[in-house]
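K.L.:
Structure provided below as structure tokens; questions to follow.
The values are calculated or read from the model by the stated rules, or taken from the named source; none is laboratory data. Owing to the predicted nature of the structure, the values given are computational and were not obtained by experimental measurement. Virtual Cβ from ideal backbone geometry, glycine too; neighbours counted across all protein chains shown.
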Amino acid sequence: MSQELKLIVPDEKIIRRITLLRGEKVILDVHLAELYHVETRALKQAVKRNIERFPKDFMFEVNDMEIDQMVSQFVIPSKQHLGGAKPFAFTEAGVAMLSSVLKSKRAVEVNIGIVRTFIALRKMALNYKEVIQRLEEMESKYEGKFKEIFKLLNYLIDPPVKNRQEIGFKRKGEK
């Protein structure tokens, strides 16, 4: 990623905007508008004028249940944040298509950064699958020994909670 692009939109800011809906990694129109420095209304208008470029696997409208889910998971602060309209959710392909609809220099640079971030996330997911595969291979190769190591690792990650008597001062009559 070029140094200039990193200054425009840091990777972390893009990653925080990517959410999982309907089994797809997507970015909401409100977040894209923020990254592009345009009004959400203007972004949606441009998309609606070119709707034939955005099939369902590129972009979809978020339903009420998904909006409630995003509010509960702090993806968006509240329903009011959306301004009363249901947001569009753009997949990686939809974000790439936006570069043909939004012509500003910033939009093109931001799109490049977003697409690169999606690619990096996909590579990380592949690496994760490779690690899981290697662990499974080791488990089958070392049978019982690996189970003990795995048991110990689980214990360190999530130690069992024991019922302990609380410490500290207590008033008379408190247990």
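K.L.:
Quick one: what pairs do we get from the range 120-137, first residue modelled with pLDDT of 75 or more, second of a type in the set (A, V, I, L, M), C-beta under 8 Å, 6+ apart or different chains?
P.N.:
L121/I15; L121/I18
K.L.:
Among residues belonging to the range 60-85 that are within 16 Å of the chain's Cα centre (by Cα) and within 29 Å of S104 (Cα to Cα), point out the one that is modelled with the highest pLDDT.
P.N.:
Restricting attention to the range 60-85, the residues satisfying the condition of being within 16 Å of the chain's Cα centre (by Cα) are 62, 66-67, 69-77.
Now restrict to residues that are within 29 Å of S104 (Cα to Cα): 62, 75-77.
Values: V62: 92, V75: 72, I76: 74, P77: 73.
The extreme case among them is V62.
K.L.:
May I ask you to list the residues in the range 86-128 that are in contact with a Ser or Thr (Cβ under 6 Å, 6 or more places away or on another chain) and surrounded by 20 or more Cβ atoms within 10 Å (Cβ to Cβ)? Let's see the steps before the verdict.
P.N.:
First, pick out the residues of the range 86-128 that are in contact with a Ser or Thr (Cβ under 6 Å, 6 or more places away or on another chain): 108, 111.
Within the range 86-128, just N111 meets the criteria.
K.L.:
With the structure loaded, tell me whether E109 is among the acidic types (D, E) and free of Cβ contacts under 8 Å to residues at least 24 places away in the same chain or whether it fails that test. Explain how you work it out, then say what you get.
P.N.:
Numbers: among the acidic types (D, E): yes; free of Cβ contacts under 8 Å to residues at least 24 places away in the same chain: no.
So E109 does not fit the description; no.
K.L.:
For the range 52-85, how many residues meet the condition of being part of a strand (DSSP E or B) and surrounded by 14 or more Cβ atoms within 10 Å (Cβ to Cβ)? Explain how you work it out, then say what you get.
P.N.:
Start the filter on the range 52-85 by keeping residues that are part of a strand (DSSP E or B), which leaves 59-61.
Filter once more, keeping what is surrounded by 14 or more Cβ atoms within 10 Å (Cβ to Cβ): 59-60.
So the answer is 2.
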